[in-house]
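Let me begin by presenting the structure, written as structure tokens, before commenting on it.
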Amino acid sequence: MIMSRVFLSFLGLGSQLKQTKQYDYSKTVFILNGVKSQETKFVQVAELEILGMNSFDKIIIVATQKSYDTHYVNIKRRIRELGTADIIPLIIEEDMSPEGQWKWFEMILDTIDYGDELTIDLTHGYRSIPIVFSTAVNFLQKAKNITLGAVYYGAYEKNKGLAPIVDMKDFYIINEWAEAVSRLVEDADARKMAVVAQQTDSFQAGELNDEKLIKAFDDLTNTVRNVDINNVWAKAKKAIQLIKEKEENASITGKILLKLVMDKFVLIATDEPLSGKYDRPYFELQLQIISLLLEHKLFMQVYTVMREFIGSIGMIEIEKAKISNKKGRNQRHRFAETFIKMLQYEERNWEFKDKEKEIEILRPYYKKLKNNRIESILRSFAKDLADYRNSFAHAWTTRKEAKSDIEEKGYQFYAELKEVVRLLEKNGMLN
């Protein structure tokens, strides 16, 4: 819901006239959206005439004391001739220091309310004031949920009878792309890229506005963040294939953005087809996923994946154990949890209710792991890992507070799992 429709403009001095040494603007006729204004000195007056005074609830004129004294009475009179409106002068200091620039921004910010629709004219203004505020538009969009109606610039040239007013609003989509890229790089989250692509015109990397590509980004992101571990590979592979198809004819900006997605997810989209078994490619993919989650500090997901990784190790020699069918998944339910418990408790305490048969089937494989130093590595951290994962599952409500070494332990457990996979391969236990 829009609170107020605000027109915000910057009032400068203009050029100094040789005869009088006074500052003023030259009269001209402006044109916006094919509509001409009356001849006027002020681009703001031309815009308000063409757009209509009833388009705005509030008009803010930002000026220095000098430009206010020189022009404000005149521009206010000209605006009043167009109709009634709430006109607010905002006088800022001529301090060009970083502190002064910040003060400009905060003074202007204070005049804009949450949910306003903001139309801006950046044509005039004291030195860098329009630039400072233009840079801050993205902050207003995020912090005050403003809607950007238009960003106008009057392209006046001396000796030309007609001055076009151009709307630069579409360029501000770059702020949205910047946020989307940040989310991808920092959080492995491609969802914002999909949203921005839908808002983007064809000349602004609009080739990314492809329904199949957006769906692939969305599916991939959800699969990673929801820890749908056995489907990440397929989702990532589909997204990478679509990216490769798009890259050939993409714009320069589009290629940069597509490469960011490619670089982020290519390691979990291996070309080697997964067999559905608990084999070397399966565990290498799991390690890549853990690395990705650690990099982006998705620790709850990391600990969940690592715990299930240990359960998967217990499935390596279970007959007909597969991730790709119901029977195989039922096998996992029986044996993976039992194997995890076997590592958390001393052998003399293996008295798990109704799991005697599973323990006996796993025992020969367990002895192999023990003989090859793999069991001791897993046992050294399996209980701690389960404890961290369970604390996440219960939102740390069973403790005074979350542990301070979550990240450190995550990388430590990841290193141990990599070593386990290396030893499994070395001892011929992993195809």
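Legend: ranking of residues 103, 409 from fewest to most surrounding C-beta atoms inside 10 Å; resulting order 103, 409. Annotation for residue 361 and residue 211: the two label points, set 7 Å from Cα along the Cα-Cβ direction, are 4.6 nm apart. The modelled label-to-label distance for the pair residue 402/residue 21, using points 7 Å beyond Cα in the direction of Cβ, is 6.6 nm. Residues 353, 215, arranged from fewest to most other Cβ atoms within 10 angstrom of their Cβ, appear as 353, 215. Amide H contacts for residue 62 (H built 1.01 Å from N in the peptide plane; partners 5 or more residues away or on another chain; cut-off under 5 Å): 9, 10, 11, 90.
Cβ neighbours within 10 Å, averaged per peptide: list 12-20, 384-392 in order, most packed at the top.
Numbers: 12-20: 12.0, 384-392: 17.6.
The most tightly packed comes first, giving 384-392, 12-20.
Available extension along the chain between residue 248 and residue 157 is 28.7 nm, counting 0.36 nm per residue and deducting the alpha carbon span.
Give the angle, between 0 and 90 degrees and rounded to the nearest 10, that separates the Cα long axis of helix 280-295 from the longest principal axis of the Cα atoms of the chain. Tilt of helix 280-295: around 40 degrees.
Computing FRET efficiency as 1/(1 + (r/R0)^6) for residue 295 and residue 113, where r is the C-beta to C-beta distance and R0 is 35 Å, gives about 0.30. When +1 charges are put on Lys and Arg Cβ atoms and -1 charges on Asp and Glu Cβ atoms, the dipole computed for the chain relative to its Cα centre reaches about 1160 debye. The angle between the Cα long axis of helix 374-393 and the longest principal axis of the Cα atoms of the chain comes to about 40 degrees, rounded to the nearest 10.
Given +1 at the Cβ of Lys and Arg, -1 at the Cβ of Asp and Glu and no other charges, the dipole of the range 273-414 around its Cα centre is 440 debye to the nearest 20. Computed from backbone phi with θ = phi - 60° and the Karplus coefficients 6.51, -1.76 and 1.60, the 3J(HN,Hα) list for the range 301-312 is 5, 4, 5, 5, 5, 5, 5, 5, 4, 4, x, 5 Hz; x is used for glycine and proline. Sorted from greatest to least, the principal axis extents spanned by the alpha carbons of the chain come out as 102, 50, 36 Å. With Cα atoms defining each centre, the range 33-104 and the range 263-340 are spaced 63 Å apart in the structure. Placing unit charges on the Cβ atoms only, positive for Lys and Arg and negative for Asp and Glu, gives the range 219-329 a dipole magnitude near 320 debye about its Cα centre. Cβ-to-Cβ counts within 10 Å put 379, 348, 332, 363 in ascending order as 348, 363, 379, 332, the fewest first.
Fully extended, how many nm does the chain gain between residue 279 and residue 324 (0.36 nm per residue separation, minus their Cα-Cα distance)? Intermediate values should be presented prior to the final figure.
Values: separation 45, 0.36 × 45 = 16.20 nm, distance 1.30 nm.
Length difference between fully extended and current span is 14.9 nm.
Using C-alpha positions alone, give me the convex hull volume of the range 287-396 per residue in cubic angstrom.
Numbers: hull volume 14.0 nm³, N = 110.
Taking only Cα atoms, the range 287-396 has a hull volume of 127 Å³ per residue.
Bear in mind that the values in this text are calculations on the coordinates, not laboratory data. Keep in mind that this is a model prediction, so the values were computed, not measured. Don't worry about glycine lacking a Cβ; one is built from the backbone with ideal geometry, like all the others, and counts go over all protein chains shown.
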